[in-house]
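The values are calculated or read from the model by the stated rules, or taken from the named source; none is laboratory data. All figures in this text were calculated on a predicted structure; none of them were measured in a lab. Neighbour counts are summed over all protein chains in view; Cβ atoms, including those assigned to glycine, are modelled from backbone coordinates with ideal geometry.
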């Protein structure tokens, strides 16, 4: 690779530059947005990190709200040292996301993706670190079918054997009111042999699918299954 191309790749990558003030302010603002937009915000939680936890959370990607859901979850639930991977096109348009812990990933350029993944591994060495990732790589309609992941989560899982990997499903609907409700289900850490070949990615996909199936089954039908969060 030419020196000019290497320099361009370094320039294209946008690292996280957290601001404690902006995280607090935007966390409060995000909560207000959710409360204003949604009739109810429901929660089902199977995973409870402590001050020693290091966690990768992976979520389905079916709406605009996914971009700020991690901040809501971390500020008011997990309280970890969180970062998130965000498509480089969005990061360039909304650069303030780096101030709340987002860093860029190129979905169209292999070397750029590798740099982002290595940055993610380094980020996970911090105390009480967490990472939010959308392994489908694009917005897709909500479905209870097995999702199809790109390879980034699989690679991270193998590189970070001491880190817990937790699926999170989100489901937005208007089954009962003209204002939508959002249901969020946080699963248990995935337990799988990291030496598996293609079976590793399938296991990760099915763990998220389980959350989506249960959300679709109970969301809007059985309030006793969830906690009304906000």
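A few notes on this one:
- Restricting attention to the stretch 172-195, the residues that are surrounded by 15 or more Cβ atoms within 10 Å (Cβ to Cβ), free of Cβ contacts under 8 Å to residues at least 60 places away in the same chain and more than 17 Å from residue 55 (Cα to Cα) add up to 1.
- Filter result for residue 97 (under 15 Å from the mean Cα position of the chain (by Cα), part of a helix (DSSP H, G or I) and buried (at least 21 other Cβ atoms within 10 Å of the Cβ)): yes
- Enumeration of residues in the stretch 195-218 that are over 20 Å from the mean Cα position of the chain (by Cα) and within 25 Å of residue 78 (Cα to Cα): 218
- Here residue 220 does not qualify as at pLDDT below 95, part of a loop (DSSP other than H, G, I, E, B) and surrounded by 15 or more Cβ atoms within 10 Å (Cβ to Cβ).
- Any chance residue 140 is within 20 Å of the chain's Cα centre (by Cα) and surrounded by fewer than 19 Cβ atoms within 10 Å (Cβ to Cβ): yes
- Within the stretch 112-134, the residues that satisfy the criterion of being in contact with a helix residue (DSSP H, G or I) (Cβ under 7 Å, 6 or more places away or on another chain) and outside any helix (DSSP H, G or I) are 129, 130, 131, 132, 133, 134.
- Test: residue in the stretch 162-169 that is farther than 23 Å from residue 116 by Cα, modelled with pLDDT of 95 or more and loosely packed, with under 13 Cβ neighbours inside 10 Å: no
- Condition met for residue 148 (under 30 Å from residue 37 (Cα atoms), loosely packed, with under 12 Cβ neighbours inside 10 Å, modelled with pLDDT of 95 or more and under 17 Å from the mean Cα position of the chain (by Cα)): yes
- Boolean, residue 137 is assigned to a strand (DSSP E or B) and either at pLDDT below 95 or under 22 Å from residue 82 (Cα atoms) (or both): no
- Any hit, the stretch 41-56, residues being under 13 Å from residue 82 (Cβ atoms), in a strand (DSSP E or B) and at pLDDT 95 or above: yes
- Of the numbered criteria (1) farther than 16 Å from residue 60 by Cβ; (2) not in a loop (DSSP other than H, G, I, E, B), the one residue 211 fails is (1).
Yes/no matrix, rows are residues, columns are (1) out of contact with any strand residue (DSSP E or B) (no Cβ under 9 Å at 6 or more places or on another chain); (2) surrounded by fewer than 21 Cβ atoms within 10 Å (Cβ to Cβ); (3) at positive phi:
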residue: 92; (1), (2), (3): no, yes, no
residue: 119; (1), (2), (3): no, yes, no
residue: 135; (1), (2), (3): no, no, no
residue: 155; (1), (2), (3): yes, yes, no
residue: 160; (1), (2), (3): no, yes, no
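- Test: residue in the stretch 168-180 that is assigned to a strand (DSSP E or B), within 16 Å of residue 207 (Cα to Cα) and touching a helix residue (DSSP H, G or I) at 6+ places or on another chain (Cβ under 6 Å): yes
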